[in-house]
Amino acid sequence: MRMTTLVFALVLSVSGPAAAQEWEEYVNTQDGFKVNFPGQPKVTETTWKSQLDYILPARVYSAERGREHYSMTVVDYTGLEQQGIERSKTCPPGNAQCRANAGPTIGPGYWKQDERGAIVYATFKLLQRDVKLTSLAWEWQDMVEGHFIQLTNNADQSRTFAYIAMHENKLYIAEGTVPKGYPEPGLFQQSMGWVDKDGKGIRYQTIYSNAYHGMGVYPKPPIAGAGRGRGAGAGTPPGGGADAGGPAGGRR
């Protein structure tokens, strides 16, 4: 019995650190984000149909950890204006707001309306699943505004934590899903941050809103520091520090 106990203890001492090493910070300069994944994510090129039926390029970064699933979907809205201009050339007669010289609030082909509503529309699409909504809140990650969402699947009772935001005219949908009875996937959601073209973390001094700052209505807020991860926050446990809070209890 004593030998069995000793062997079991040795197994635990080896498997514990090994499990912890599965998670690593993934930094993507092409799409401007960083997040903790359980291993190197798979990248899938795809498309996204917007609320007004524009087809936009997208990438899905995904990783599995046993029965747990983690993904980051990034939709590139930077080409939406040109698509709106092209659509405005075939506006139905009498639709003055769709035409090329439409006002600055709406934009040709309603493209500005489409981009401003991207976070709400992505939230709506999540809620169309066979799920029960358990939490929905306006929040931010490194001062970039977005929606924090918690869902319970009606069929298998799995839990999904999601964060939806827009930064620099790109839509980000971070989802962590775990089976019933597993620890909630809040740490994945809380680890998300933003990076520049050199991989340096970004954190703004005040709230960044893509509808105003990304679309050029106002200048972007000053950057306060490097944000979480690379170059900042070293040694601070997830959920700790001065920024703790929010529905998932995470750092923002």
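Brief remarks follow.
- One residue stands out in the range 1-27 among those that are at pLDDT 95 or above and out of contact with any Pro (no Cβ under 9 Å at 6 or more places or on another chain): the one that is surrounded by the most Cβ atoms within 10 Å (Cβ to Cβ), namely VAL27.
- Residues in the range 31-55 that are closer than 20 Å to GLU168 by Cα, of a type in the set (Lys, Arg) and open to solvent by 60 Å² or more (accessible area, probe 1.4 Å): LYS49 alone.
- Complete set of residues in the range 150-182 that are of a type in the set (A, V, I, L, M, F, W, C) and open to solvent by 30 Å² or more (accessible area, probe 1.4 Å): ALA155
- Filtered residues of the range 153-206 (kept if free of Cβ contacts under 8 Å to residues at least 60 places away in the same chain and more than 10 Å from the chain's Cα centre (by Cα)): ASN153, ASN154, ALA155, ASP156, GLN157, SER158, ARG159, THR160, LYS180, GLY181, PRO183, LYS200
- Among the candidates GLN113, GLN83, GLN128, residue that is under 27 Å from the mean Cα position of the chain (by Cα), within 29 Å of ASN153 (Cβ to Cβ) and among the polar types (S, T, N, Q): GLN128
Conditions (1) closer than 18 Å to GLU168 by Cα; (2) touching a helix residue (DSSP H, G or I) at 6+ places or on another chain (Cβ under 6 Å); (3) modelled with pLDDT of 95 or more; (4) of a type in the set (A, V, I, L, M), marked per residue:
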residue	(1), (2), (3), (4)
PRO57	yes, no, yes, no
ALA102	no, yes, no, yes
ILE119	yes, no, yes, yes
THR123	no, no, yes, no
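- Positions within the range 193-252 being of a type in the set (Gly, Ala, Ser), modelled with pLDDT of 70 or more and open to solvent by 50 Å² or more (accessible area, probe 1.4 Å), in sequence order: GLY216, ALA224
- Hey, GLY66 surrounded by fewer than 18 Cβ atoms within 10 Å (Cβ to Cβ), free of Cβ contacts under 8 Å to residues at least 12 places away in the same chain and more than 25 Å from ALA211 (Cβ to Cβ) or not: yes
- Annotation note: Cβ proximity below 7 Å between a residue of the range 78-105 that is under 24 Å from THR47 (Cβ atoms) and a residue that is open to solvent by less than 60 Å² (accessible area, probe 1.4 Å) and among the charged types (D, E, K, R) (sequence gap 6+ or interchain) occurs for LEU80/ASP114; LEU80/GLU115.
- Helices (runs of 4 or more DSSP H) completely within the range 34-136 that count 2 or more residues being among the charged types (D, E, K, R): 80-88, 111-116
The values are calculated or read from the model by the stated rules, or taken from the named source; none is laboratory data. The structure presented is a predicted model; accordingly, all values stated were derived computationally and were not measured. Positions of Cβ are backbone-derived with ideal geometry, glycine not excepted, and every protein chain shown enters the neighbour counts. Just so you know, the surface numbers come from the protein's heavy atoms only, side chains and all, with ligands and any DNA or RNA stripped out. Shrake-Rupley method; radii C 1.70, N 1.55, O 1.52, S 1.80 Å.
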